[in-house]
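For reference, the structure is listed below as structure tokens.
The values are calculated or read from the model by the stated rules, or taken from the named source; none is laboratory data. Being a predicted model, the structure only gives us computed values, none of them experimental. Backbone-built Cβ (ideal geometry, glycine too); neighbour counts: all protein chains shown. Quick note on the areas: whole protein, heavy atoms, side chains included, nothing else; ligands and nucleic acids left out. Shrake-Rupley method; radii C 1.70, N 1.55, O 1.52, S 1.80 Å.
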Amino acid sequence: MSELILYNSLTGQKEKFEPIYEGKVGMYVCGPTLYSEPHMGNMRTFINFDLIYRYLLFSGFKVKYVRNITDAGHITNSLGEAEDSIGKAARLEQLQSLEIVYKYNVKFQELQRIYNLLPPSIEPTATGHIQEQIEIIEKIIENGFAYAVNGSVYFDVRRYCEKFEYGILSGRKIDELAEETRVLNAQEEKRFFADFALWKKANPDDMQIWRSPWGDGNPGWHIECTAMSTKYLGSQFDIHGGGMDLKFPHHEDEIAQSCGSFGCNPARYWLHANMLNVNGQKMSKSFGNYFLPKEIVDGTTNIFSKPFPPHVIRFCMMQAHYRSTLDLSEESLSAAEKGLNRLCDAVDLMNKLKPTVSSSFDVETLIQSFYDAMNDDFNAPILIAQLFEAAKKIFLISNGTETITKGDLDKLKIAVNGFLNDVLGISIQMESNNSKLAPVMDLVLELRQQARINKDWTTSDQIRDGLAAAGIEVKDGKDGTTWG
RNA sequence: GGUCUCGUGGCCGAGCGGCUAGGCACCGGUCUGCAAAACCGCUUACUCCGGUUCGAAUCCGGACGAGACCUCCA
């Protein structure tokens, strides 16, 4: 049995996974900011961490998976105009902030269901934890790593550097940062350019305002994650995940906040999922190359000529490693669709296989390769390649080239179904949802079969062509005719 | 401008010093009334130039190209 190895962004190396408490895993993943409907790129991250969550569960760990919902607008400072993202959306949509958050949360929850994401153990909201955030800020001030100015509170990066190292995750050096920073967004209040806000004094027209010891205001951009991860997982837990683009400054600042308040890095393993690319670029609203997870399923985006079912999209994503960028295209999706069909056919066939007295190949080794793939930093592409190996074996057993014993077949069934359904989260719904159509089709195909027996090709082809025109494809297999 | 990552066959993508994935497409075959589908087979591709090595897609140096981050971002 191989052991779980994962790539730790903190050290830049693959490391053996050793949980703090044996058999248990605490995992925190940065969730969405609900100022709009999450796009496909956002979904890829959540799907990837769903895979990781699923495999940890499958491996027998008791996992507490916390993924926050950011429902407090973070101040964006795009063109000198400071405005919080949710407040902005509210203004544009002429709704209240809470309506915006609620509206998009409903959509987000629906997407999770559509894409077969396991619900996290807890989905805490930022606004539900203002008090906790204030308490941590107070602690950081107490420890001397933050200061209050004019109703705002900033993290004191220079003081922090006297005791800790700022930039350990992203590999940035403070003095280099100074030169690199392109826009010094005129923060006269800050003592040092790299200081970041823990609490921001409210603007008179802010839609969401909270009371604090420093006056009315909003929590800073990074403090919510520190507050919620600490509350539900403790000051140090096993895995912290998120998208690659959160590495700096968000995760870096989380580390600073935790060190500044509790004296330790919040997570032992930092995992970062890579971006989804479309046309060679990160999917982003500003590039105009984004589409919504619902649109691709409904076929309402003009990027693709036809709709793709969610489990095909999931499968396609699983064929790339979570730390690699993935280019999603019509071609890669239809390739995934066909490949998945083949895999599903094999699974179907597996249940009808007839065992013999001996196995002509080593089933244990094949099954072990599934575990080895996932234990090596959740390498789903390799897992899928091995599942295709299994599929090939199944077909060969079926046509008599290979053989398998009853015991081996049972093991194979459990493993293949387990990895496909529980780990990859690809649920194969073979059920036809056309309960009224099914008997009609049975009748039609029986009539066609009669015609075929009578060598009445005109009639049988007429039926086939007619059905094809109606979008129903008829396939004459060895064991009868199927449709779909 | 700074920091970093990456360049694999027609496409998507693993691998990360020798055993040279996988899927899709193409092509050949089996099956079939025809078609489609399905199944079988399909025999080395790693940007370029140097270097290290018995041996490099894999390590080192350089060139070119692409991307991410440095600002809200999954």
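Specify the residue that is farthest from the chain's Cα centre (by Cα); the eligible residues are those in the range A:442-457 that are of a type outside the set (S, T, N, Q) and open to solvent by less than 100 Å² (accessible area, probe 1.4 Å).
A:456
Among the residues of the range A:108-122, write down those that are surrounded by fewer than 17 Cβ atoms within 10 Å (Cβ to Cβ) and either in a loop (DSSP other than H, G, I, E, B) or of a type in the set (Lys, Arg) (or both).
Matches in the range A:108-122: A:113, A:118, A:119, A:121.
Specify which of the listed residues (A:136, A:141) is touching a helix residue (DSSP H, G or I) at 6+ places or on another chain (Cβ under 6 Å), among the aliphatic types (A, V, I, L, M) and not in a loop (DSSP other than H, G, I, E, B).
Working: A:141 fails: touching a helix residue (DSSP H, G or I) at 6+ places or on another chain (Cβ under 6 Å).
Within the list A:136, A:141, the selection yields A:136.
Output yes when any residue across the range A:19-28 is within 13 Å of RNA strand B (Cβ to nearest atom), over 21 Å from residue A:423 (Cα atoms) and surrounded by fewer than 20 Cβ atoms within 10 Å (Cβ to Cβ), and no when none is.
Checked the range A:19-28: no residue is within 13 Å of RNA strand B (Cβ to nearest atom), over 21 Å from residue A:423 (Cα atoms) and surrounded by fewer than 20 Cβ atoms within 10 Å (Cβ to Cβ).
From (1) within 12 Å of RNA strand B (Cβ to nearest atom); (2) open to solvent by 30 Å² or more (accessible area, probe 1.4 Å); (3) within 21 Å of the chain's Cα centre (by Cα), pick out the condition that doesn't hold for residue A:312.
(2)
Can you name the number of the only condition in (1) within 8 Å of RNA strand B (Cβ to nearest atom); (2) open to solvent by 30 Å² or more (accessible area, probe 1.4 Å); (3) part of a loop (DSSP other than H, G, I, E, B) that residue A:403 fails?
With respect to (1) within 8 Å of RNA strand B (Cβ to nearest atom); (2) open to solvent by 30 Å² or more (accessible area, probe 1.4 Å); (3) part of a loop (DSSP other than H, G, I, E, B), residue A:403 is out only on (1).
Looking at (1) open to solvent by 60 Å² or more (accessible area, probe 1.4 Å); (2) touching a helix residue (DSSP H, G or I) at 6+ places or on another chain (Cβ under 6 Å); (3) outside any helix (DSSP H, G or I), which one does residue A:356 not meet, given that it meets all the others?
(2)
Filter the range A:359-387 down to the residues that are outside any helix (DSSP H, G or I) and farther than 28 Å from residue A:40 by Cα, then identify the one that is most open to solvent (accessible area, probe 1.4 Å).
Initially, the range A:359-387 is screened for residues outside any helix (DSSP H, G or I), giving A:359-362, A:376-379.
Now drop any that are not farther than 28 Å from residue A:40 by Cα, which leaves A:359-362.
Values: A:359: 36, A:360: 63, A:361: 30, A:362: 90 Å².
Within the range A:359-387, the match that is most open to solvent (accessible area, probe 1.4 Å) is A:362.
Taking residue A:367, is it within 13 Å of residue A:415 (Cα to Cα) and not hydroxyl-bearing (Ser, Thr, Tyr)?
So residue A:367 passes the test.
Go through the residues of the range A:168-185 one by one and say whether even a single one is modelled with pLDDT of 90 or more and buried (at least 19 other Cβ atoms within 10 Å of the Cβ).
yes
Residue by residue, here is whether (1) touching a helix residue (DSSP H, G or I) at 6+ places or on another chain (Cβ under 6 Å); (2) near RNA strand B (Cβ under 10 Å from one of its atoms) holds:
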| residue | (1), (2) |
| --- | --- |
| A:322 | yes, yes |
| A:346 | yes, yes |
| A:364 | no, no |
| A:381 | no, yes |
| A:386 | yes, yes |
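How do the pairs read when you match residues in the range A:150-163 that are farther than 13 Å from residue A:190 by Cβ with residues anywhere that are among the aliphatic types (A, V, I, L, M), using Cβ under 7 Å and keeping only pairs 6 or more apart or on different chains?
Partner pairs satisfying both residue conditions: A:160/A:256; A:161/A:174.
Has the range A:83-103 got at least one residue that is open to solvent by 30 Å² or more (accessible area, probe 1.4 Å) and of a type in the set (Gly, Ala, Ser)?
No, the range A:83-103 contains no residue that is open to solvent by 30 Å² or more (accessible area, probe 1.4 Å) and of a type in the set (Gly, Ala, Ser).
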